[in-house]
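> Have a look at this one.
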Amino acid sequence: MNTQLLLETYIDNIIQIMSPYGTGTGFLIGKLIITNSHVVSGLKEVVVSAKKIKRSVAQVVYDDPYLDLAFISLELETPANPLKLTTKTVEDGDTTIAIGHPYGLNYTATEGIVSRASRLQDELEYIQIDAAINPGNSGGPLLNVDGEVIGVNTFIIQNANNLGFSLPYFYVQEALESFLKLNSLNIIKCKSCKNLIKEESIIKDYCSKCGSKIEVARLRRKGYKPSGATKLLEGILESLDIDVTLARRSQASWKIYQGSAVVEINYYENGIIIGDSKLCGIPQENIEKVYDYILKENEKLSYLQFSINENNIYLSYLIVDSSLTQKEGKIALQRLLEYSNRYDEILIQKYGATLLKRDDED
């Protein structure tokens, strides 16, 4: 199969994985989502989405920092064309297809060849490939021309041209068999003694088998806890009945869908917090009527402000973190959420503004 056909055939198996620390890729094998350990960032829960899956909170049930491998559990419908691990030997020169979400560019497929079928790195074998993989590709599948998974795209060498490395399928198969044999969730593989440890048996983050410190256990116990203005912002959003875990795009960015409008909130390093709702595009005719309307509305509004950037109309809320309070922040963000959808409809229906094309909820 060619690259485009492979992507179309198996796209329902490709998962986007998001945490406060970044994004990555995963893929379905059986009932589990396979990805890298570094993608789940030592968390017990991550957010996942796919072509047929809305953003959902899923459980990290297996974390193996030694192989940089993790399994995620979520009740999912089996795709029409499920992915399978290959049983064939990978050879130098084989054609490969890497699928993932590099830099947020969802469902990107890149073709290349196996530069070296077995490259030893820190006592582990990797498949060296020249297919372009970038941040966001981590955890995604490496396929052969038959659409079988031959590896998990794991890391690249920085500042090198297309030097990528995938964890071979046989490590994944071995890990899956060992995990399923235990018939238990929340398993951590000790990086020192390589034993699979039930998280509940770990005391003070030390391996119950060899006594080594398990960093993943500490991270899972600690979880993600926002602080300062970020904590206040998320508290405000929660008071507005918004699921902050699903809205969170990073430690300082949130996206909320409200009717036809999308509200993005960003907290910048200089202490500025901006809530932006990109409403619609200015029309080609009667533009002056749109200008008159939003100028008049700006005189009436408190907390919020209309603006135009290029040909897009925005409704925004801006504040410095030191001035943010629970009470005032709730009023402002509630209005931003409510007014965004309302103004979007008025501008489109009454003034002929252009309805913007939007990506699926990401």
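> Under a cut-off of 13 Å between alpha-carbon atoms, report the aspartates and glutamates in cross-link reach of LYS88, not counting same-chain residues fewer than 8 places apart.
Result set, ordered by chain and number: ASP146, GLU148.
> Take the eigenvalues of the Cα gyration tensor for segment 50-155, scale each by 5, and report the square roots as semi-axes in whole Å, largest first. Kindly include the intermediate steps, with their values, before the conclusion.
Numbers: eigenvalues 111, 57, 41 Å².
Result for segment 50-155: semi-axes of 24, 17, 14 Å.
> Enumerate the aspartates and glutamates that LYS327 could reach by cross-link, defined here as Cα to Cα under 18 Å, with residues fewer than 8 away along the same chain left out.
GLU234, GLU238, ASP241, GLU338
> Sort SER208, SER227 by Cβ crowding within 10 Å, fewest neighbours at the top.
SER227, SER208
> Ignoring everything except DSSP H segments at least 4 long, calculate the 222 nm mean residue ellipticity for the chain; use -39,500 (n - 2.57) per segment, divide by total residues, nearest 500.
Mean residue ellipticity at 222 nm (helix-derived): -7500 deg cm²/dmol.
> Out of all Cα-Cα pairs in segment 215-299, roughly what percent, to the nearest whole number, are more than 16 Å apart?
Working: 2346 of 3570 pairs.
When every Cα pair of segment 215-299 is considered, 66 percent fall beyond 16 Å.
> Next question. Cut-off is 10 Å between beta-carbons; in what order do SER73, SER201 appear when sorted fewest neighbours first?
Ascending number of Cβ neighbours within 10 Å: SER201, SER73.
> Further, regarding this structure: Expressed as a whole number of Å, what is the distance separating the alpha-carbon centroids of segment 223-245 and segment 309-324?
19 Å
> Sticking with this structure for a sec: In whole angstrom, how long is each semi-axis of the equivalent ellipsoid of the chain, when you take the square root of 5 times every eigenvalue of its Cα gyration tensor and sort them from largest down?
So the three semi-axes of the chain are 43, 26, 16 Å.
> Just the C-alpha atoms of segment 228-351: what Rg/Rh do they give, with Rh taken as the Kirkwood radius?
Reported Rg/Rh (Cα atoms, Kirkwood Rh): 0.98.
> Hey, another quick one. Run down the lysines and flag those whose C-alpha is under 18 Å from the C-alpha of LYS209, throwing out any fewer than 8 positions away in its chain.
Output for LYS209: LYS189, LYS191, LYS194, LYS198.
> Where does each of SER19, SER115 land when they are ranked from fewest to most other beta-carbon atoms within 10 angstrom? Provide the component values of the computation, followed by the final result.
Numbers: SER19 21, SER115 18.
Placing the least packed residue first, the sequence is SER115, SER19.
> Note the per residue figure in Å³ for the convex hull of the C-alpha positions in segment 3-87.
Dividing the Cα hull volume of segment 3-87 by its residue count gives 104 Å³.
Bear in mind these aren't lab numbers, they're just calculated from the coordinates by the rules spelled out. What you see is a predicted model; the values in this text were computed from it and never measured. Virtual Cβ from ideal backbone geometry, glycine too; neighbours counted across all protein chains shown.
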